[in-house]
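Q: To start, I am sharing the structure in question, which I have written as structure tokens.
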Amino acid sequence: MSFSQFQSFQPIAAIATTPQALQQLQPLCQGLNAILWIPNTLHPLPGTQVYSGSLSEHLATLWSSHRGFIFGLAAGAVVRLIAPLLQHKSSDPAVVVLDQTGKFVISLCSGHQGGADQLTRLVARQLNATPIITGATNALGLPALDLLGLPFGWRQGPGDWTAVSGAIARGEQVNVFQEVGSTLWQTTLPPAHPFDFTPNSEAKFHICISSQRRLSDTIQVQWFPRVLWVGIGCERNTPRALIEKAIEQTLQQYNLAEEAIAGIATLDIKGDEPGLVELCQAKHWPLRTFPSEVLREIKVPNPSKVVEAEVGTPSVAEASALQAAGVKTLFVSKQIYRDQLPSASTSNRIGQAVTVAIAQAEQEYTGRTGQLLLVGIGPGELDQITPAAQTAIVQADVVIGYSLYLDLIRPLFRPGQIVESYPITQERQRGERAIDLAQWGLTVAVVSSGDCGIYGMAGLVFEQLRARSWDGKTPMVQVFPGISALQAAASRVGAPLMHDFCAISLSDLLTPWEVIQNRLKAAAQADFVCILYNPRSRTRTEQLHTAKRIFLEARSGNTPVAMVRSAYRCDEEITITTLEQFNPDAVDMLTTVLIGNQSTGIYENWMITPRGYLGK
Ligand code: SAH
């Protein structure tokens, strides 16, 4: 068992000091691959390690090397233990407390940037416990200010974060000025929110989302989406310091923020330029390189014959910035820096020089590896969803699905989560959208009712990935199974699937009716218990009549038939009848039809199929 949903919190350490806490935490920690530390007074279990000496001293040795802590001890005791270790909310690990009964999970410290709120939600879903999150924005259904841009890889800039967060929590109006980056976060806001998107310099509190440094006298915070692609041209062995200085000076001159840099772009033969490679590594900037044949085709403001003669393209910095950003116009056209000093001259190429140009992309670079979580949410009620699937939904930046299914799982959504609902017909659009977002770097959950791999979205998404020449790894794909309608329906009428069975969908949207009919005949003759999915829709009314006729040709009119409509939903309806009596017109698209085999019987309104034929 491994819970990839917890990856961003690894390494996680857990601590239990009582047998009850040990019982609660041990299975969870095994799944998380987290070491569960216990005192020598407790009996060790698989995955536990015994600490000696005092817990506070031991905790001090774990503190800086772990990103998450799960404590199975009294919240007060945890407060005393961590107090001397806390430094700042931007660097402290997530601290979560599990109560001794396992019913409540508390986000104790570093709720936002440390991720404790999110870790709490994930642990709570795993344990079927109640998450306790005490932050103000969470209670208002608002995204936390200091988490707003994280799904999109934005960098936090300067500002009075405490003051602006406070204003949001008090419901005071906060002006938002956004000139770059995704506006998807805005779609997550509840109807009553404190944000004002109209230009208003008079407002007291501001959020500025830009690639430029915008200083103002008001109380504000800045987020920097990473939209700037910096094109670099330089001679062999140009020192890192000179390249760095050249970039710094360009940024300064144009009032741009270093935090808004997405990455560096250049010519392919510069891909191993030591100074450039070193700088990119130090700054965690991707280095994108392009061959001269690509760059030479790009229209730039300042082409150079000298450069063309040398490397086969009249522009390196400008062309590669444009190419990396995927735009047509530059934000900053070519600047040439010589040694430490800027120079306007392009003709004098003696000595070391760096050329810088900057283009601004429409879409920010997230720097994240996207994930596609294909999630089966079961037939309806929340308690029919596996904890793993629930955790996947909680973890996702974006949840995509058919509106009816999203309504069923609404209680699982968290503030700030992007939820995109589509009509039932737009399955392809759902899949394409999910892949687009995941390729961009987001974690996207695509939900299907029942099991996602049984007439669900999983197969469709895999097909679409294949059509895009997916490498099988990026985006990462994980499939979370769910209770399918056949299991849900069966459980409501007894045990009809105790022997070999066969599921057939009557939908001829993607399968020729001829094929479906042949399958019905074969299954009927082979005496499989049959489960009919998609039995009927508003326009597709004849198929079920035909299916009934086919079964009557091969089976007795007394064969038990069950119609289970909306299993595990509030409008559930169950009818048990016989093949003869069964009325196809009483069935709709929310129904699953179960047809017994020759030994299936009805006993006190329960539909039972014996395990074998021997006892007949
Ligand atoms: N992936 C789903 C099936 C989707 S096809 C699963 O594994 O269950 C849609 C069909 O599933 C419906 O037409 C109906 O036949 C059946 N179905 C889905 N949910 C159901 C429910 N709660 N009760 C009864 N039938 C259901």
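Q: Using a probe radius of 1.4 Å on heavy atoms only, what accessible surface per residue do you get for the stretch 47-88? Whole Å² is fine.
A: 53 Å²
Q: Please compute the net charge surrounding GLY135, taking Lys and Arg as +1 and Asp and Glu as -1 over other residues with Cβ under 14 Å from its Cβ. If you can, show how the numbers build up before the last one.
A: Details: positive: LYS89, ARG121, ARG170, ARG414; negative: ASP117, ASP146.
Net of charged neighbours comes to +2.
Q: Accessible area of the stretch 380-460 with a 1.4 Å probe: how many percent of it is carbon plus sulfur?
A: On the way: 1350 of 2780 Å².
Heavy-atom surface of the stretch 380-460 belonging to carbon and sulfur, 1.4 Å probe: 48 percent.
Q: A further question follows. Roll a 1.4 angstrom probe over the protein heavy atoms and tell me the percent of accessible area of the stretch 223-287 that is carbon or sulfur. Walk me through the numbers on the way to the answer.
A: On the way: 1110 of 2350 Å².
C and S fraction of accessible area: 47 percent.
Q: If the cut-off is a Cα-Cα distance under 17 Å, which lysines reach LYS521, setting aside same-chain residues fewer than 8 apart in sequence?
A: Leaving aside lysines fewer than 8 places away in the same chain, those within reach of LYS521 are LYS548.
Q: Summing Lys, Arg as +1 and Asp, Glu as -1, what charge do residues with Cβ under 14 Å from the Cβ of SER107 carry, SER107 excluded?
A: Details: positive: LYS89, ARG121, ARG125, ARG414; negative: ASP92, ASP99, ASP117.
My count for the surroundings of SER107 gives +1.
Q: With both partners inside the chain, how many of the DSSP beta bridges are antiparallel, as a percent to the nearest 5?
A: Details: 41 of 106 bridges.
Expressed as a percentage, antiparallel bridges in the chain total about 40.
Q: Quick one: pull the percent of accessible area on the stretch 501-541 belonging to carbon and sulfur, 1.4 Å probe, ligands and nucleic acids left out. List each step's numbers first, then the result.
A: Working: 1180 of 2250 Å².
Reported share for carbon and sulfur atoms: 52 percent.
Q: Output the relative contact order of the chain, whole-number percent, from Cα pairs under 8 angstrom with separation of 6+ residues. Could the numbers behind the result be given before it?
A: Details: 1338 pairs, mean separation 53.8, N = 616.
Result for the chain is 9 percent.
Q: Using the structure shown, list the pairs from LYS103/LYS473; LYS89/LYS245; LYS305/LYS328 with a Cα-Cα distance above 30 Å, or answer none. Don't jump to the answer; show the numbers that get you there.
A: Working: LYS103/LYS473 37 Å; LYS89/LYS245 32 Å; LYS305/LYS328 21 Å.
The pairs that break the limit, which is 30 Å between Cα atoms, are LYS103/LYS473; LYS89/LYS245.
Q: Which aspartates and glutamates, on any chain, are close to LYS299 with Cα under 15 Å apart, when same-chain ones fewer than 8 places away are left out?
A: Counting by Cα, and skipping residues close in sequence, LYS299 has these aspartates and glutamates nearby: GLU308, GLU318.
Q: Sticking with this one: Provide the packing ranking of 434-445, 388-399, 562-573, 39-50, i.e. peptides ordered by the mean count of other C-beta atoms within 10 Å per residue, highest first. It would help to have the intermediate numbers written out before the result.
A: Details: 434-445: 22.8, 388-399: 24.7, 562-573: 18.3, 39-50: 13.2.
Peptide ranking by packing, descending: 388-399, 434-445, 562-573, 39-50.
Q: Each label point is 7 Å from the Cα along the Cα-to-Cβ direction; what then is the distance between the points at CYS570 and ALA83, in nm?
A: According to this spin-label approximation, the distance is 4.8 nm.
The values are calculated or read from the model by the stated rules, or taken from the named source; none is laboratory data. Owing to the predicted nature of the structure, the values given are computational and were not obtained by experimental measurement. A quick note on method: Cβ atoms are made from the backbone with ideal geometry, for glycine too, and the neighbour counts reach across all protein chains shown. Note: accessible area is taken over every heavy atom of the protein model, side chains too, but ligands, DNA and RNA are not part of it. Shrake-Rupley method; radii C 1.70, N 1.55, O 1.52, S 1.80 Å.
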